[in-house]
Every structure is written in structure tokens, then in C-alpha cells.
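Visitor: Here you go, one structure.
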Amino acid sequence: MQSTTISGRPAHTLEFLAGGGELGEMIRKFDWSSTPLGPFEKWPQSLRTCIRIMLTSRQPIWIGWGKDLIKFYNDPYKAIVGGKHPWALGSPASMVWKDIWRDIEPMLKQVMEKDEGTYVESQLLIMERNGYPEETYYTFSYTPIPGDDGKTEGMFCANTDDTDKIISERQLRTLTQLGKRLTDCQSNRDVIEKTIYTLQENPYDFPFALFRTIADGKAILERSTLLDAEQKIFPKDIHLNSDDPVALAINMALYTGELQVFKNPKERLPTVPTGAWQVPPTQGIIIPIIQTGINEPYGILSVGANPYRLLNEKYLSFITLVGDQVATAFADVHVLEEERKRSEALAEIDKAKTIFFSNISHEFRTPLTLLLGPIEEVMNDPDTIGENKVRMDVAYRNALRMQRLVNTLLEFSRIEAGRLEGRFTKVDICSFTQELASTFRSAIEKAGMQLKFDYSAIQSDVYVDVDMWEKIVLNLISNAFKYSKEGTISISVKEVSQKILFSVTDTGVGIPQDHLSKIFDRFHRIENIQGRSQEGSGIGLAMVKELVRLHQGVIDVESTVGKGSTFTVAIPVGLDHLPENKIVKDAAAPITTRYANAFVQEAMKWIPTSESELQEAGLPISSKEISLLDTPPSDKKYKVLVADDNRDMREYLERLLSVQFEVITAVDGEDAYQKVLQHYPDLLLTDVMMPRLDGFGLLEKVRQHPDSKMIPVILLSARAGEEAKVEGLEAGADDYLVKPFSAKELLARVDANIKISKTRIAAAKNLKDIIQQSQIATTLLQGPSFVIELANEKALELWGRSHEEVINRPILQALPEIAEQGFGYLLEDVFTTGRIHKAYEIPVELVRFGKPELVYLNFIYQPLRNDDNKITSIIAVGLDVTEQVISRKKLEQSEKELNELANAVPQLVWAANEAGKITYYNDRVAEFAGAYKNEDDTWSWQGLVHPDDAKATENAWSQALEHGTVYQAEHRVQMKDGSYRWYLSRGYPYKDKDGNIIKWFGSATDIHASKEHATILEAEVKKRTAELSELNVSLKRSNSELQQFAHVASHDLREPLRKIKTFIGRLADDPGNSLTERSTTFVQKVNSASDRMFSMIEGVLNYSVLNTSDQRIEAVQLSTLIQNIESDLELLITQKKAVIRYSALPVIEGSAVLLYQLFYNLINNSLKFSKPDTPPVIDIDATDEHGHEKEWTLIKVQDNGIGFEQEYAEKIFESFTRLNSKDQFEGTGLGLSLCKRIVERHGGYIEATGELDKGASFSIHLPIIQNRKSI
């Protein structure tokens, strides 16, 4: 029979419409007979082929057919047809695309009338497919389709949507151009003009654009994309306090900082610019140009919206990006303007600073003069005692140093102001330079260094300003000595190419490469350079450079770190380069040095003084000797370490403090650090500016070392002001003392900080004791590097590390495996924010005792603060909950698996608490009505059980709860659709060892189908029971009759058979008969057939009477029974030369007659089916058999006969079954069947195994005791 489909059409007619998704289904169901195309059967093959191609394609395709171009399209084309789907299917193309018909009609005519295809790329089409006109771009081709007559009957169109690509490229081009043009704007005007110029290049997205600035409550038009004639349609100013809709929108944009859209601008204006379109925009957008953090807006950018695009998120994001770029450009201009103003302000400040330095230097000179005069008088007074002379000497040296600094500042300010003019005198440059340099010889040699000179003859005249040249030479040599601790300082003067080259070369620390270009900048200092002192104003080399410049010369430096530096001054020879009015041509007065003494005295201060030199000078070795004379001895003094590179300051501090404290001194930061670790002072008093290691560096190292981090530190510095103090305290100092300071204040602060420190140390010790004794893993992490200051035994055990492996190490180094697990970020967050972090059951990979291990932790990070409320450390407390988590996860996994198992079964599975409240349902609960979950996570049923079954159900459940018994009920349950179905509900109580109910587990099984069939089945069972009863009576009657017949038949057949055997025997034995050999053979055959017939009759008789009467149960000795069988089969056994082997067989209860028949048949079978040339061997053994409710025995009878194939092991027990020809082996086929019935009558069973030509084995399984009197 032919298969059919929709409308009864043959299936093969719709093969070309197979598949195709939604449109394929719609085309198949469409009533095409009502269209000019007619039913499917009439469609030309070319149309079918094209439709098949269309439906299987992933490209948007439509097909037009006939003169009206009836439209077909596929699923991908739905996006193009938009809201015209589904009515566009089967409609003429001119109706579907009436909005773009004028664009595509000429191309369609070319196809249909001229049989010529068309192709266009990125064609602009204004489509109305979703209720509004929209800008779209498509690449498509029209291809003619011939009909059956070869003429063009339709067209095929494949489309590619280019809309997103075209619009995105256009917008990207605008953003790119805007970014490029706004990069180098110098003013706000530049930003406005370039913005409008760029937007004018994209009239598609910006039909018009205006930029307004905000001033005096008005939005003032600055620039627009319109021509001058058209600009008149927009007001120049908009008053922002008016009710004008645009003013309201501008105010909202400025208030919220977000885009604002206003509609129908053409209602307010007679003509609205259309840009690239033929229709004006229906919406305008106001973009606030605002920069975050700036209160005043830069302006407002107003643009017309593309009339053919929705103001969706994508379009508005583009507008926002434009606004952001413009705002950024304004911000850049603002920054540029601020930088310009800042530069001008800095220039003014620099000028004011120079004036200030000049004025203040002048003001310093008067008090300095009044200081130096009285000090000199006291020093020269013969009545001044030695100790006061020492003090005055310190004051005098430092007053001279201050005078030199003041002079340097004054000189520098005059140079900067252009007021310093030289007086250039002809000099012997070599001898003058050597004389200046020689003043340093004593200091250099005292420091263990050498001073060398290298001069060559100077032929030309050399003119210099004597004072300036002295400052140049002394500053360069002083610098060389200051930054050289050993080796040589070399001075060189020579003439090269009409220039005097003066060089100072040292073997000192050198200058880092990145500082060489800045070394002559004023106030430039190289931090932590390893010199003799860190003292200095930072303007010495800058002044040298200016002094050289006044000589029309240059200065240069070459340096290698660790090897030394060479400063070279080059000045022209002769007079031509000097101003005429500044040259002193008369004979020069004797040259005297004015500044050398001050330089040398300062240099001498940088050299450590030996004890012998102090003794030679008649001065005390240290102030300790003085303090011991002035104060009585104390039992114990706190120890104070003083670090300062200035010897005068160091000795002064030592003299002040030694009255109350034991004082140790250090000459620089490195020396101080070593003495901190050697003496462990009670307080460290250190200068900030020191060579090798400054005060901040020393403070950092002291704080980082675990043994010294608790030592209080007071910083001494000449830097005054709140910022300097805050910087010192934030660096970790306990106090900050500004020079100059009073002796009383110094002593008070030292004493107070020591006492506070002792209290803090005691508190820290108490905290450490608490942590060490805690039974929870606890550690103390110090500072932003989280150094493990303390970790108790529980923490070490948790980490699997020793104390030496972790203590005083950052925790992320001691436990590197936790760094990659985010613990560094957690600690930083706690340290920086002060928030306590708590975490529970967090998995952590730790390398414990050398092996990676996953542990689960509960831990808390608690920040600790110092007296200033500053976080200094974190205390971490952790608890290993690995065992609990693993146990819970196993339990959760088990519950999950049990839940999945419960959801896999077809029953509703539930659980309840001990009170019977339902606590769990599997997902089957969704199939039922009325089940809902309570707030306490228990469940309730409301109107779920059928009203007729509700009471019985409640009673059954109440009884089960009351007595703790199994709950079972059959009831009807309401389903989601309102119907009722029969369910069998069961519930089992789960009890503890004391018999108390812990939980209930239950299920509900759908028995609706069985319930529906119950009545039918019950009636059917009754009917079949009656029929079976009648049949049973009939069968019993028939069985009795058959047994009676078999008995009678067997009895009646034996008599004639006996006569046949008797007479045939007589016939054979009669000597009067002369039978031929052939007759004798016939007689033998008759005799043999009679024997077989007799055996068969006996077998039938035995088989028929087996169940005719009960047999008495008695104890049967199987060994005796086998002996009787051997006796009865003696002749056959002898003939076969058979061997029967058995040992002590058990005594079992049963019928002696039937058991005799059983084993007689089995042994007879083994004799009968023996191999011709092999004497039979029959083994009989018995074993006890367990696994039964009562005692059983297994008796095996095995032989070595012909055997049988195992596939017949069951068949051989069927009646009249024979596996061998009766010509080979005699038999009735009833023997083994009889054996099986005897065994089963005794309540046992028999099995057979065999292998062809290897023998057979029969296993008889029998109970030893029979629980009945007869069988």
C-alpha cells in the first residue's frame, strides 16, 4: 500500500519539502491551491529544486515565482522579513517589500523580463519590517529560474546582511578621527572646532551637531555643523532657568551627568537639518561634557539622532563614547593649561626664593658675627677652663660652618639674580691652585691618603677672579676628600688648545651613572652614598658650575662607581673672552685665601679622632669620664646607642646622655646597626642624614631583625615641620626630634620612650606566652611582609614545619605553597583595611613534612594596632577541620547518591522525623497536587488523599506512629491534573539500639493499573477456579481410569506374552524340529522381541503404579540396599566383569521399595550403557550437604561408560526418551524418568552430567529425615 502524508498526497511528491524547520512546515501546510501556483503536484521541477536548495541552506534566501513573484523564504530569512513574518509567505513580493519596491523593482524586471541576473553589494535599503523605518545594508543577487518551457518563471535571491558591518565601520571611523584630531588641542576652542568638524563628516549618525558652553545661567552656542544661513533656526542662547523643553533637558543632563533624549525637535523648529537623509530626525540627544572631579561642565553637545535607527543601547553607547572622548580632550587641555600656569607660578616662586635666600643670608650675618666674636674671646681668655674651651671650640667650628653656608647661599642667590660680577686678575694659575690645594694636605694625610700634583708649564696669560677660583678649587677638593676614604686625590693643571684644564681626581665611591646628568643641579643630593658625611646644602657643585660659567668656561665629570671621579674645569686663556671693564690690568696685590680655613676645619671634623690625639691635646678621652665625676654611680643604667656622622654632635649627645645612661656611639648607619646587634641597647638615638646607611635605612634594618625590632628609636633631624615628623613616625620611629633641641627635652624623651618600651615589651611577652600555651594553632605575623614572629606548637604541627624553618621569615616564603592560593591578598587586605577576615572549611594545599597534603581549615586573621592606632601585625588563628569536612562530604555524597537513587526509582520516596513530620521527598513529588514545603523544611499535604480514603489513611499512619510498626495503606492520591490514582504507601520505622524511632523511610507505589484490573481479575480467577475444579475432578477420574487401564493392560498383555515365550522356547528346544539356520535366526528374533516387550510392560506397570498408593517411611541402610542390588544383578555383573565401588553409605528415611528401584535402575543403566571392550567401573559415594533448612545428603553414581552429550542432561529424564538405537542398547526409555519421580517423591532432586565416551554421573540430593509417615 502506498504511504500518504498531508492532504492524502503521496509521500514522494513532498520529498523536496522535507525538513526546513519552521518554514518547511509552513510551506507544507500552506494552501497553495488558492494561489496562482496551484497544488504541489503542478509545480515545475525547477521550482521544486530551488525550494529544496532554499530549505536546506543556512543562508537567508527567498524565491519569487510567477508574474506576481509569490514569495517563498527559509528560516534564516525570517530575521530579514522581521515583523512581516509569517504573512509574507505566499504573498506577492510587491506587497511584502512595498517600502523598498522602488529600489528593487528595476533589478527584478531585469531578471524577469530580460533573463539577466543582478548583484549588488552593501545596498542601502530603508525597510519597514518591525513597525518603523530602519537603515539596513544588504549584499544580494537576483538569479532567474526557468520554468518547464525554458522561459523565466521566477527568481532566486541569496542575501548577506551587512548592516552591522557598515554602521560599525562608520562609527569606528568617526571615533578614530575624533581621537586623532583631539590629541594635540591647545585650547577649548580647538576641541570644540575639531569635534564639530569630525561629526560633520558623519551626517548619517549626526544629522546635525551643536556645541554650547555654559555661562551665566545660559547655554551659549559656540559651533555647529550647520551653514551660516541654517544656523539661524537654532537660538544663540538658551536660558537654563526657562521652561523650554531643551533647557529642561540640558539641566537634567548637567544634574545627572547622563545623556538626555528629547523628541520631535521639528515641532519646535520650522526646518530641522536632515544630514545625509531625506527626512529630519525625530529625536535629539543632549550629551553633557563633564569630567569626573570637575564641578564646572565643559559644555553641552547636542546632536540629531539618526531617524532610521532605534536609540538602543548600542547606538547610545556610541554617542557616550563620543562624549567621553570630547570630555577627555577638554581635560587634557585643562591639564595643559594648569601645567602652564604651574610653570609660571614656579618661576615666580623660584624668583621669590632667590630673593628670600639673599635677604635671609644678609640677616644671618649679624647674629653670626655676634656669635663668633664672644666665642673667640672666651677661647682666647686665659681664665677659661679646659672643659669650657672644648665646648667653645665645638661652638666656634659650627658657627664658622654656618657662616660658610650662609655665604654660599648669598653667593648663589647673587649668581641667580645676575648680580655677581667678577674682577679678573692675571695669576700664576699653577702656583695659585697648588697653594689652595695644599691647605688640605694635613687633613688628607691625617686620613691616611695622599695628595698629588701634576702641573705643566703654562705659556699663555690666565685671568681669573681670585675669590671665585678659590671657591671652585676648594669645593672640588673638599668633595673629593668627603667621598674618598683611601687612596689618592690628584690635582692637575695644564694648557690644551688655548684652554686651561684644571682637574681633581679621586679614588672614592664614584657617582652612579643615572646621577651624572643631575650632579650640577642645585639642591641635588645622592641618597645613601658611602661618604665621610651626609652633611651639605646641595648647592656646592651648582655654584661651582655657575662660577666656571662666569669665566666663560665649562665643567665636566667622569665617574665609575667604586673607582672614583674626575671633575675637569676648562676656561679660556687670555683676555678676549672677558668684559673689558671687568679686567684688572694693574699689578695685582698679594693673593690671600679667605675661605680655606673654614673648608679645612670642616674636613678635619670628618676624620675620626684617636684617643692618643685627644690625650696630647689635654682633652678627656670621652665624656664618660666627666659624667663619672659629676654623678654618683648607679646600680644599673639603661643603655643608649647614639649614631651621628658629625663628631661634634656625637660628642655633645654623649656628654648630655651619659649623666643618666650608659652611652655607646656610632659614626654612621652601618656602624650603628652592627653595634645594635652587639650591645642590644635600650634605645637608639640616630641622625637621619648619615653616610653608608642613613637613619631611615638603619630604622628599617632594626625593625626587620627579630632580635632588635622592639628597640625604641628616636630620629634626630634638621628637617622641621609636620610632614617631616609624620614621615619619620610612619617609617617606624617611636619619636622624632628636630634640631636644634633643648637638653632637657632630649633627656625627657629618651627616658619616656625607654619606659614605654619596657611596658610594651612586657605586654608583648604576655601575648607570646598566651600564644605559646594556646591549644589552637596561632601565629603572629609582623609588618607588611608578614614575618612569622611567633608560631606555637599547634601551628608548627599544622604546617608540618620545624621552628627553624619558619621563624623570622615572611610567611609566603616559609610556606610558598599558600602564595598561589590567594593568602597573600587576604593578608594584605587585612593589613591595609583593618577588616577581620574569617573563613570556614577552606581547602588549603600544604607541604607537610615534605609531602603535599590537602587540609581544610577554619581560620581568623585579626589585625593588631599600636598606640597610634596603626596596624603593625596580624594574629592568625587556625583550626584543622579536615576530618570533619571529609566525613561530612562523604555523608553529603552518600545523601546525594541516595537522592539520585531515589529519583531514579518510579516510586515516590519519602522520609519523616521521629514525630512523623515529612522531611524529604524525591523529585516525584512534582507529579502530585497539594504537596508544599513548610518554613521549617518539613512537608504538608493539603487535600491530597481522596476524601473516601483519608480517614483510613490517617488511622493507619496514627497506629504506626503510636506502636512503631510498619505503616501500609492503599489509597487514591490526587495528581497535578486533578485526577486520582491508586497508590500503595508503605513506611518503615528506623530505630536505635534501644528501640526508639529515629526516622521513618517510606515509598508510594502506583498500583492504579492493578487496581483497575482487580475486579476483572477477581471475576476471572473465580471463573477459572471453577473451571479448574471441574477439570481437576475430570483429570483425577481420567488418571484413575488410565492407571487402572495400564494395570489391566499390563496384566492382560503379560499372559499371552508369557505363552509366546514358552512355546517359542519349546519350538527351539524340540529335537524333532529341524529348523534351518534362517528359521533359527527368526526364532531368536521373536524371543528377543518378546523379552523387550516383557521389559516394557514391566516398566509401564511400575511407572503407572508409582503414585497409586502411599509408601511407608522407614530407615533405609543404603549400603545394605546396594548389596541386595549387587546380588540381584550378579549374573550381569559377572558377564560384564563390572566393579561396583562404595564405602559406608548413610542411613536415610524413605520408601525401601522405591529407593531400591531408584538405585537398581541407575546401576543397571551403568551396566547396560558400558563400552564393549572396557569393564564397567561404578563408583557410589555420599557426602553431607549443607545450605538447607534440614540435613541432606548428596549421593553420586558415576561410571566409565559411553556417556552422553551435556546438552541432553535434562532431556534424558523425560519419559520414553532414548539417546541410542534400540539395536545397540535395549531399554524402554522409562528408567531415568522413573528415577526422577522417585527422588522428587522423597522431596529431593536429581541431576546428570556426562561426557561422550567418558562416562556419566548422577547426583541424587535427598533429605536424610522425612517429616511425614508416608510418601
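Visitor: So how many residues does region 642-692 have that are aliphatic (A, V, I, L, M), closer than 18 Å to Gly732 by Cβ and either in contact with a strand residue (DSSP E or B) (Cβ under 8 Å, 6 or more places away or on another chain) or surrounded by 21 or more Cβ atoms within 10 Å (Cβ to Cβ) (or both)? So that I can check it myself, show each step before the final result.
Guide: Step one: list which residues in region 642-692 are aliphatic (A, V, I, L, M), which gives 642-643, 649, 653, 656-657, 659, 663-664, 666-667, 672, 676-677, 683-685, 688-690.
Right, trim to closer than 18 Å to Gly732 by Cβ and you get 643, 672, 676-677, 683-685, 688-690.
Adding the requirement that they be either in contact with a strand residue (DSSP E or B) (Cβ under 8 Å, 6 or more places away or on another chain) or surrounded by 21 or more Cβ atoms within 10 Å (Cβ to Cβ) (or both) leaves 643, 672, 676, 683-685, 688-690.
Number of matching residues: 9.
Per-residue answers, yes or no, for (1) surrounded by 18 or more Cβ atoms within 10 Å (Cβ to Cβ); (2) under 16 Å from Ala1115 (Cβ atoms); (3) in the same structural domain as Leu1252 (by TED's automatic domain parsing); (4) not hydrophobic (A, V, I, L, M, F, W, C):
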position: Leu1132; (1), (2), (3), (4): no, no, yes, no
position: Ile1140; (1), (2), (3), (4): yes, no, yes, no
position: Ile1148; (1), (2), (3), (4): yes, yes, yes, no
position: Ile1163; (1), (2), (3), (4): yes, no, yes, no
position: Pro1176; (1), (2), (3), (4): yes, no, yes, yes
position: Asp1179; (1), (2), (3), (4): no, no, yes, yes
position: Lys1196; (1), (2), (3), (4): no, no, yes, yes
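Visitor: Sticking with this structure for a sec: Looking at Asn766, Asn753, which is the one that is in contact with a Pro (Cβ under 6 Å, 6 or more places away or on another chain), in a helix (DSSP H, G or I) and either of a type in the set (A, V, I, L, M) or not assigned by TED's automatic domain parsing to the domain that holds Val877 (or both)? Give the derivation first.
Guide: Details: Asn766 fails: in contact with a Pro (Cβ under 6 Å, 6 or more places away or on another chain).
None of the others qualify; the one that does is Asn753.
Visitor: With respect to Leu172, determine if the residue is crowded, with 18+ Cβ neighbours inside 10 Å and either farther than 30 Å from Val120 by Cα or without any contact (Cβ under 8 Å) to a residue 12 or more places away in the chain (or both).
Guide: Values: crowded, with 18+ Cβ neighbours inside 10 Å: no; either farther than 30 Å from Val120 by Cα or without any contact (Cβ under 8 Å) to a residue 12 or more places away in the chain (or both): yes.
No.
Visitor: For region 893-901, indicate whether the set of residues that are assigned by TED's automatic domain parsing to the domain that holds Met975 and of a type in the set (Lys, Arg) is non-empty.
Guide: So far as region 893-901 goes, no, none of its residues is assigned by TED's automatic domain parsing to the domain that holds Met975 and of a type in the set (Lys, Arg).
Visitor: Can you tell me which residue in region 655-687 is farthest from the chain's Cα centre (by Cα), limited to those that are within 21 Å of Ser757 (Cα to Cα), among the hydrophobic types (A, V, I, L, M, F, W, C) and assigned to a loop (DSSP other than H, G, I, E, B)?
Guide: Val659
Visitor: To continue, here is another question. For region 757-776, does any single residue satisfy the condition of being touching a Phe, Trp or Tyr at 6+ places or on another chain (Cβ under 9 Å), surrounded by 15 or more Cβ atoms within 10 Å (Cβ to Cβ) and in contact (Cβ under 8 Å) with a residue 12 or more places away in the chain?
Guide: Checked against the condition, which is being touching a Phe, Trp or Tyr at 6+ places or on another chain (Cβ under 9 Å), surrounded by 15 or more Cβ atoms within 10 Å (Cβ to Cβ) and in contact (Cβ under 8 Å) with a residue 12 or more places away in the chain, region 757-776 yields no hits at all.
Visitor: Okay, moving on. Looking at (1) surrounded by fewer than 12 Cβ atoms within 10 Å (Cβ to Cβ); (2) more than 20 Å from the chain's Cα centre (by Cα), which is the one condition that is false for Asn858?
Guide: Result: Asn858 passes all but (1).
Visitor: Would region 826-835 turn up any residue that is under 26 Å from Val702 (Cβ atoms), out of contact with any His (no Cβ under 7 Å at 6 or more places or on another chain), charged (D, E, K, R) and assigned to a loop (DSSP other than H, G, I, E, B)? First the steps, then the outcome.
Guide: Start the filter on region 826-835 by keeping residues that are under 26 Å from Val702 (Cβ atoms), which leaves 827-828, 830-832, 834.
Okay, now just the ones that are also out of contact with any His (no Cβ under 7 Å at 6 or more places or on another chain), so 827-828, 831-832, 834.
Narrowing the set further to residues that are charged (D, E, K, R) leaves 828.
Add one more test, that the residue is assigned to a loop (DSSP other than H, G, I, E, B), and what stays is none.
No, every residue in region 826-835 fails to be under 26 Å from Val702 (Cβ atoms), out of contact with any His (no Cβ under 7 Å at 6 or more places or on another chain), charged (D, E, K, R) and assigned to a loop (DSSP other than H, G, I, E, B).
Visitor: Moving on to the next point. If you take the residues in region 384-407 that are of a type in the set (Val, Ile, Thr) and modelled with pLDDT of 70 or more, which one is farthest from Glu580 (Cα to Cα)?
Guide: If we filter region 384-407 for residues that are of a type in the set (Val, Ile, Thr), which is where we start, we get 384-385, 390, 394, 406.
Filter again for modelled with pLDDT of 70 or more, leaving 384-385, 390, 394.
Details: Thr384: 54, Ile385: 56, Val390: 51, Val394: 46 Å.
The extreme case among them is Ile385.
Visitor: For region 688-697, enumerate the residues that are under 26 Å from Asn398 (Cα atoms) and assigned to a helix (DSSP H, G or I).
Guide: As a first pass, look at region 688-697 and keep what is under 26 Å from Asn398 (Cα atoms): 688-696.
If the condition is that a residue be under 26 Å from Asn398 (Cα atoms) and assigned to a helix (DSSP H, G or I), then Gly695, Phe696 are the ones that fit.
Visitor: With the structure loaded, tell me whether Ser1029 is modelled with pLDDT under 70 and out of contact with any Ser or Thr (no Cβ under 6 Å at 6 or more places or on another chain) or whether it fails that test.
Guide: Values: modelled with pLDDT under 70: no; out of contact with any Ser or Thr (no Cβ under 6 Å at 6 or more places or on another chain): yes.
Answer is no for this residue.
Visitor: Hand me the list of strands (runs of 3 or more DSSP E) wholly inside region 434-504 holding 2 or more residues that are free of Cβ contacts under 8 Å to residues at least 60 places away in the same chain. Walk me through how you get there before you give the answer.
Guide: Numbers: elements: 450-455, 463-465, 488-496.
Filter on region 434-504 gives 450-455, 488-496.
For (1) closer than 20 Å to Lys768 by Cα; (2) among the hydroxyl-bearing types (Ser, Thr, Tyr); (3) not assigned by TED's automatic domain parsing to the domain that holds Arg809, each residue gets a yes or a no:
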residue: Leu857; (1), (2), (3): no, no, no
residue: Pro863; (1), (2), (3): yes, no, no
residue: Asn869; (1), (2), (3): no, no, no
residue: Thr872; (1), (2), (3): yes, yes, no
residue: Val877; (1), (2), (3): yes, no, no
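Visitor: Also, I was wondering about something else. I'd like to verify a number: residues in region 924-953 that are under 38 Å from the mean Cα position of the chain (by Cα), of a type in the set (A, V, I, L, M, F, W, C) and surrounded by fewer than 15 Cβ atoms within 10 Å (Cβ to Cβ), how many?
Guide: 1
Visitor: Return the residues of region 192-229 that are touching a residue at least 40 places away in the same chain (Cβ under 8 Å) and assigned to a loop (DSSP other than H, G, I, E, B); say none if nothing qualifies.
Guide: Correct list: Pro203, Tyr204, Asp205, Phe206, Pro207, Phe208, Thr225, Leu226.
Visitor: Name the single residue that is surrounded by the most Cβ atoms within 10 Å (Cβ to Cβ) among those in region 954-989 being without any contact (Cβ under 8 Å) to a residue 24 or more places away in the chain and touching an Asp or Glu at 6+ places or on another chain (Cβ under 9 Å).
Guide: Top of the filtered list is Ala969.
Visitor: Restricting the search to region 788-804, which residues are among the acidic types (Asp, Glu) and touching a residue at least 60 places away in the same chain (Cβ under 8 Å)?
Guide: Passing the criteria: only Glu789.
Visitor: Among the residues of region 408-433 satisfying the criterion of being modelled with pLDDT of 70 or more and part of a helix (DSSP H, G or I), which is surrounded by the fewest Cβ atoms within 10 Å (Cβ to Cβ)?
Guide: Ser431
Visitor: Criterion first (of a type in the set (Phe, Trp, Tyr), under 25 Å from Asp164 (Cβ atoms), surrounded by 14 or more Cβ atoms within 10 Å (Cβ to Cβ) and over 47 Å from the mean Cα position of the chain (by Cα)) does Tyr142 satisfy it?
Guide: Values: of a type in the set (Phe, Trp, Tyr): yes; under 25 Å from Asp164 (Cβ atoms): yes; surrounded by 14 or more Cβ atoms within 10 Å (Cβ to Cβ): yes; over 47 Å from the mean Cα position of the chain (by Cα): yes.
Spelling it out, Tyr142 is indeed of a type in the set (Phe, Trp, Tyr), under 25 Å from Asp164 (Cβ atoms), surrounded by 14 or more Cβ atoms within 10 Å (Cβ to Cβ) and over 47 Å from the mean Cα position of the chain (by Cα).
Visitor: Sticking with this structure for a sec: So which pairs qualify, if the first residue must be in region 852-867 and over 14 Å from Glu797 (Cα atoms), the second must be among the aromatic types (Phe, Trp, Tyr) and at pLDDT below 90, the Cβ gap must be under 8 Å, and the two must be at least 6 apart or on different chains?
Guide: Pairs that qualify, where the first residue is over 14 Å from Glu797 (Cα atoms) and the partner is among the aromatic types (Phe, Trp, Tyr) and at pLDDT below 90, are Asn858/Tyr840.
Visitor: Anything in region 1129-1157 that is part of a strand (DSSP E or B) and more than 19 Å from Arg1241 (Cα to Cα)? List them, or say none.
Guide: Applying the first criterion (part of a strand (DSSP E or B)) to region 1129-1157 yields 1139-1142, 1147-1150.
Of everything in region 1129-1157, those that are part of a strand (DSSP E or B) and more than 19 Å from Arg1241 (Cα to Cα) turn out to be Val1139, Ile1140, Arg1141, Tyr1142.
Visitor: Within region 889-979, which strands (runs of 3 or more DSSP E) (wholly inside it) include 3 or more residues that are not charged (D, E, K, R)?
Guide: 908-913, 918-921, 939-941, 967-974
Visitor: Which residue, of Thr256, Thr271, is among the hydroxyl-bearing types (Ser, Thr, Tyr) and at pLDDT below 80? It would help to see each step written out before you state the result.
Guide: Working: Thr256 fails: at pLDDT below 80.
The conditions single out Thr271.
Visitor: So which residues in region 463-480 are buried (at least 22 other Cβ atoms within 10 Å of the Cβ), β-branched (Val, Ile, Thr) and in contact with a strand residue (DSSP E or B) (Cβ under 7 Å, 6 or more places away or on another chain), if there are any at all?
Guide: Hits for region 463-480 are Val464, Ile472, Ile477.
The values are calculated or read from the model by the stated rules, or taken from the named source; none is laboratory data. As the structure is a computational prediction, the values presented were derived from the model and not from experiment. As a convention, Cβ positions derive from the backbone with ideal geometry for all residues, glycine included, and neighbour counts pool all protein chains shown.
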